[in-house]
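Notes for the one structure printed next.
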Amino acid sequence: MKFFLDTANVEEIKRITKLGLVDGVTTNPTLVAKEGRNFKEVVQEICSIVSGPVSAEVTGTTSEEMLKEALEIAEWAPNVVIKVPLTEDGLYATHALSQKGIKTNVTLVFSAAQGLMAAKAGATFISPFVGRLDDIGMSGMDLVRDLSTIIRNYGFSTEIIVASVRNLEHVKEAALAGAHIATIPGSLLPSLWKHPLTDIGIERFTSDWNKMQEALAKG
Ligand code: E4P
């Protein structure tokens, strides 16, 4: 399973990339706005830090606007991926971009039918938003499981990026469902490697070791 970082914060990306855990990055207009920096500058900086796919989202709503922005963004870096919303115009743009060999991440996927449409249109990635579905009392993970089955059933090359990830359970369930990728906020990542029993284990080993050293020193 691949892990993408769901952030536009360059310092966070630099820090976590050093752990060898980052296969790519996803951004969205909200995450970029939080940084208060020039969009192109941020995306280019992220693309120079991470060699894997870096998603940058278009903000236009018509297919013409989306395509215009996408063609410009695609020039920014070789590993940039165009994030397109799942609308009719978005599907049109996705198809046109896939015909040109430009990679896309179709975002804001909330149903299996939407995911199927995006895969058929030629999306490189689809992003089901699990947290936002859970927020309205639905199961985000049911959607991921359905999409995994659909992608497998028809041999689509489209990869599933589980997005809007809020907790450790989401990551575990995404892996069990066979999702290709989970995109994770930097703040959540430590919960993937931390465990209280690991900390207790280290404390006990250290204390036993120190006791033995003291005993040896006393003779
Ligand atoms: C990633 O591609 C999405 O934009 C992101 O995961 C959305 O997360 P949120 O629902 O926490 O805003």
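The values are calculated or read from the model by the stated rules, or taken from the named source; none is laboratory data. No experiment lies behind these values; they were computed from the predicted model shown. Glycine also receives a Cβ, built like all others from the backbone with ideal geometry; neighbour counts cover every protein chain displayed.
For region 57-67, taking the residues that are surrounded by 19 or more Cβ atoms within 10 Å (Cβ to Cβ) and within 16 Å of the ligand (Cβ to nearest atom), the one that is farthest from TYR92 (Cα to Cα) is identified as GLU57. Candidates VAL22, VAL10, VAL54: the one that is surrounded by 21 or more Cβ atoms within 10 Å (Cβ to Cβ) and out of contact with any Ser or Thr (no Cβ under 8 Å at 6 or more places or on another chain) is VAL22. The one condition from (1) touching a residue at least 12 places away in the same chain (Cβ under 8 Å); (2) under 30 Å from VAL10 (Cβ atoms) that PHE156 does not meet is (2).
Residues checked against (1) loosely packed, with under 15 Cβ neighbours inside 10 Å; (2) in a helix (DSSP H, G or I); (3) at pLDDT 95 or above:
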residue: GLY115; (1), (2), (3): no, yes, yes
residue: ALA118; (1), (2), (3): no, yes, yes
residue: PRO128; (1), (2), (3): no, no, yes
residue: GLY137; (1), (2), (3): yes, no, yes
residue: LEU147; (1), (2), (3): no, yes, yes
residue: GLU169; (1), (2), (3): yes, yes, yes
residue: ALA182; (1), (2), (3): no, no, yes
residue: LYS211; (1), (2), (3): yes, yes, yes
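Contact map, region 169-182: first residue on the phi > 0 side of the Ramachandran plot, second residue crowded, with 21+ Cβ neighbours inside 10 Å, Cβ cut-off under 9 Å, separation 6 or more or different chains; pairs are GLY178/VAL144; GLY178/ILE151; GLY178/ILE160.
Looking at ALA56, ALA77, ALA96, just one residue is outside any strand (DSSP E or B), touching a strand residue (DSSP E or B) at 6+ places or on another chain (Cβ under 8 Å) and at pLDDT 95 or above, and that residue is ALA77. Residues of region 1-32 that are of a type in the set (D, E, K, R) and within 10 Å of the ligand (Cβ to nearest atom): ASP6 alone. Here LYS34, LYS2 are screened, and the one residue that is more than 19 Å from PRO78 (Cβ to Cβ) and of a type outside the set (Ser, Thr, Tyr) is LYS34. The set of residues in region 24-51 that are more than 14 Å from the chain's Cα centre (by Cα) and not in a helix (DSSP H, G or I) comprises GLY36, ARG37, ASN38, SER51. Only one of (1) surrounded by 13 or more Cβ atoms within 10 Å (Cβ to Cβ); (2) within 24 Å of VAL84 (Cα to Cα) is not met by TYR154, so which one is it? Single failed check for TYR154: (1).
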